[in-house]
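The numbers here are math on the coordinates, done by the rules we state, and not lab data. Source: prediction; values computed, not measured. Every residue, glycine as well, gets a Cβ built from its backbone with ideal geometry; the counts of neighbours run over all protein chains shown.
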Amino acid sequence: MLNKSLINEVLGAALATGADFAEVFLETTENRGIGLTDNSVHRISGDVVSGMGLRIYKGLRAVYGSTGDLSRSGVLSLAANVAGVFAEAPTVAAVELVERIPANINPVKIVPSSIPNKVKIDLVKKANDAARSYNSEISQVMVNFMDTDRRIWIANSEGLYTFDRQVRTRMAVSATATRGTENQSGFHGPGMQAGLEVFTETYDPAEIGREAARMAMVNLNAGYCQAGSYPVAIENAFGGVIFHEATGHSLEATQVAYGVSEFCGKVGQQVANPKVTAIDDGTIPNAWGSINIDDEGRPGQRNVLIENGILKGYMIDTFNARRMEGFKPTGNARRQNFQFAPTSRMTNTFIAPGNDEDEDIIGSIEYGLYARKMGGGSVNPANGAFNFSVAECYIVRNGKIFEAVRGATLIGKGSEIIKDIDMVGKHLAHGTGMCGSVSGSIPVNVGQPLIRVAKITVGGR
């Protein structure tokens, strides 16, 4: 990476045409993966992402550029090109960098890159064997093991100079169950910001495989969901994806700062049921979406977004804070890698535990759905309209869970669904995912306890 003297020179060159802020983002990330299909390891991969991003501001104008050429001539050429967008009279800017060492909330016991592939392959095979042996109708199993080792350096014209190292490890299992010409699938893919100890101490690979196979068999034996509008109980952990997508994106300054969110100008107003408290917390130790610092060098924070139904704030990055009078950055600036300018993104976003018992939530439903596991979905942040698939769900009759059904989708609007969450359980859990937006794909956690949505449109047959 670049020495401090050259970083200073780059910042000075970037400020030379009148910018009022400049930021250097340096990165070296090692990505490794192992893939297994049809009982055979078919892929052992690895790559390195390395380069520099450079950003300058002048008021509400921003310019961003990146390069993989980290030679002195390469980075100074980038600085000249970025600064040249403003093309004003040359100035001389001096920057004095002061190093800051962030607190580490994500300790790593076993760095995956230090472990032979054979050890990881044995873990992958353990998951595969458990999934295949779950039932004779499991016809295919795919296991993907991945680990990343990301090192970033951030310096800016305000004098910040800091560094972080982020190690993440994940295993994902997809299982297919087949009967005749019909195929149904199941998926389970936990991960953490930690080392290989994730799968020697916290998660058993065999249990991951069995869970994916169990879901596949449930769906193979399930009938089809009936379309309608009725209550839905959504289970904890990855069930939180519905808040993440339907509401979370609309609370990012990426939308709010430009007036294209349904929650613009509503801080202090009742936007959700009083039982709903929603939090984005980047400080949960070793959680998949946690950060020691964000991608602008600011320490991760715990941000209460909604408290007892009242909108308390947004997730804000440095540039969008300039557009939002009275608001400050919240430690949510994130990017996939140096090729992307950062913007406000979620970390670990969840609905906080409430006071309702799980059995009371299910017992309150005369007829409806129990969504045990959510699938993927999409949302329009401007109006909050969403559409989600349910990966595993069951019919509820007279307060009891009955047969599994498949093909269910949940359709609605974010600002409405959080008003219709009228029961919130006590048992919070988190789920692992990747989130895509304008600054690329980043690791996030979603979470919640069991909740009840009083009424929602359900797509089916």
Quiz item: Over the alpha carbons of segment 225-296, what is the largest minus smallest coordinate on each principal axis, giving the biggest first in Å?
Solution: 47, 33, 23
Quiz item: Using helices alone, what [θ] at 222 nm do you get for the chain, with -39,500 (n - 2.57) per DSSP H run of 4 or more residues, divided over all residues and rounded to the nearest 500?
Solution: -5000 deg cm²/dmol
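Taking every pair of distinct Cα atoms and averaging 1/r, then inverting, what Kirkwood hydrodynamic radius in Å comes out for segment 299-392?
Values: mean 1/r = 0.0597 Å⁻¹.
For segment 299-392, inverting the mean 1/r across all distinct Cα pairs yields 16.7 Å.
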Self-check item: Karplus 3J(HN,Hα) series, Hz, for segment 186-203 with 6.51 cos²θ - 1.76 cosθ + 1.60 (x for Gly, Pro)
Solution: x, 9, 8, x, x, x, 8, 7, 6, x, 5, 4, 3, 10, 10, 10, 9, 10
Exercise. Scan around Arg406 for amide H atoms under 5 Å from its own, H built in the peptide plane at 1.01 Å from N, and keep only partners 5 or more places away or cross-chain.
Key: Gly223, Tyr224, Cys225
Quiz item: Along the charge dipole of the chain, which of Gly440, Ala19, Ala321 sits closest to the positive end, that is, farthest toward it, with unit charges on the beta carbon of Lys, Arg, Asp and Glu (+1, +1, -1, -1)?
Solution: Gly440
Practice problem: Pick out, in residue order, every one of the trypsin sites (Lys or Arg not before Pro) in segment 381-448 that is DSSP loop and has at most 14 other C-beta atoms within 10 Å; say none if there are none. | Solution: Lys426
Self-check item: Gap separating the Cα centres of segment 226-249 and segment 1-58, nearest whole Å
Solution: 36 Å
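When the chain is fully extended, how far beyond the present Cα-Cα distance does Ile101 get from Glu366, taking 0.36 nm per residue of separation?
89.9 nm
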Practice problem: Could you work out the Rg to Rh ratio of segment 31-115, with Rh taken as the Kirkwood radius (inverse of the mean 1/r over all Cα pairs)? | Solution: 1.16
Exercise. Evaluate Rg over Rh across the chain, taking Cα atoms for both radii and Kirkwood's formula for Rh.
Key: 1.01
Practice problem: Would you mind calculating the gained length between Arg179 and Arg165 on full extension (0.36 nm times residue separation, minus the Cα-Cα distance), in nm to one decimal? | Solution: 0.4 nm
Quiz prompt | Euclidean distance between Cα centres, segment 62-102 to segment 334-395, Å | solution = 40 Å
Quiz item: Excluding Met423 itself, what net charge comes from residues whose Cβ is under 15 Å from its Cβ, given Lys and Arg +1 and Asp and Glu -1?
Solution: -4
Self-check item: Note, ³J(HN,Hα) from phi for segment 103-113, Karplus 6.51, -1.76, 1.60, rounded to Hz, x at Gly and Pro
Solution: 5, 9, 9, 10, x, 10, 8, 10, 5, x, 5
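Return one quarter of the surface area of the convex hull spanned by the alpha-carbon atoms of segment 228-459, equal to its mean projected area, in nm².
On the way: hull surface 45.5 nm².
Answer in nm², one decimal: 11.4.
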Quiz item: Restricting attention to segment 168-276, which chymotrypsin sites (Phe, Trp or Tyr not before Pro) occupy a DSSP loop and are surrounded by at most 15 other Cβ atoms within 10 Å?
Solution: Tyr258
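Grab the other residues whose beta carbon is less than 11 angstrom from that of Met346, score K and R as +1, D and E as -1, and report the net. Could you put the intermediate results ahead of the total?
Values: positive: Arg334, Arg345; negative: Glu245, Glu252, Asp280, Asp281.
Its environment carries a net charge of -2.
Mean Kyte-Doolittle of at least -1.0 plus a Cα span of 20 Å or more along the axis: flag which DSSP H helices in the chain meet both, please. Write down the numbers at each step before the final one.
Details: long enough: 117-132 (22 Å, -0.75); 205-220 (23 Å, 0.12).
The qualifying helices are 117-132, 205-220.
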Quiz item: Could you give the distance between the Cα centres of segment 174-221 and segment 262-285, to the whole Å?
Solution: 32 Å
Quiz item: Along its principal axes, what span do the Cα atoms of segment 134-202 show, with the longest given first and each in whole Å?
Solution: 65, 27, 12
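When the Kirkwood hydrodynamic radius is evaluated over all pairs of different C-alpha atoms of segment 385-461, what value in angstrom, to one decimal, is obtained? Could the numbers behind the result be given before it?
On the way: mean 1/r = 0.0682 Å⁻¹.
For segment 385-461, inverting the mean 1/r across all distinct Cα pairs yields 14.7 Å.
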Practice problem: Using only alpha carbon pairs under 8 Å that are at least six residues apart, calculate the relative contact order of the chain and give it in whole percent. | Solution: 16 percent
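For Thr91 and Val49, what does the FRET efficiency come to when R0 = 30 Å and r is the distance between their Cβ atoms, rounded to the nearest 0.05? It would help to have the intermediate numbers written out before the result.
Working: r = 33 Å, r/R0 = 1.12.
That pair, Thr91 with Val49, gives E of 0.35.
Quick one: net charge of Arg32's neighbours, Cβ under 10 Å, K/R +1, D/E -1?
Details: positive: Lys120; negative: Glu30, Asp47, Asp147, Asp149.
Spelling it out: positives minus negatives among the neighbours equals -3.
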Practice problem: Report relative contact order for segment 365-461 in percent, whole number only (criteria: Cα-Cα under 8 Å, sequence separation at least 6). | Solution: 24 percent
Exercise. Can you pull a Stokes-Einstein diffusion coefficient for segment 323-461 at 37 °C (0.692 mPa s), Rh from Kirkwood over Cα pairs, as a whole number of µm²/s?
Key: 194 µm²/s
Quiz item: If we count other beta carbons within 10 Å of each Cβ, what is the order of Met346, Met1, fewest first?
Solution: Met1, Met346
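Computed from the mean reciprocal separation of all distinct C-alpha pairs, what Kirkwood hydrodynamic radius does segment 70-109 have, in Å? Mind showing how you got there, number by number?
Details: mean 1/r = 0.0713 Å⁻¹.
After inverting the mean inverse Cα-Cα distance, the result is 14.0 Å.
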Quiz prompt | Neighbour-count ranking [beta-carbon atoms within 10 angstrom, fewest first] of Val85, Val98 | solution = Val98, Val85
Self-check item: Chain lengthening between Ser139 and Arg323 when straightened (0.36 nm per residue, less Cα-Cα)
Solution: 60.9 nm
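Quote the relative contact order of segment 228-459 in percent (integer), defining contacts as alpha-carbon pairs under 8 Å separated by 6+ residues.
For segment 228-459, the relative contact order is 31 percent.
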Quiz prompt | Estimated distance in nm for a label pair at Glu359 and Ile411, the labels positioned 7 Å out from Cα along Cα-to-Cβ | solution = 3.7 nm
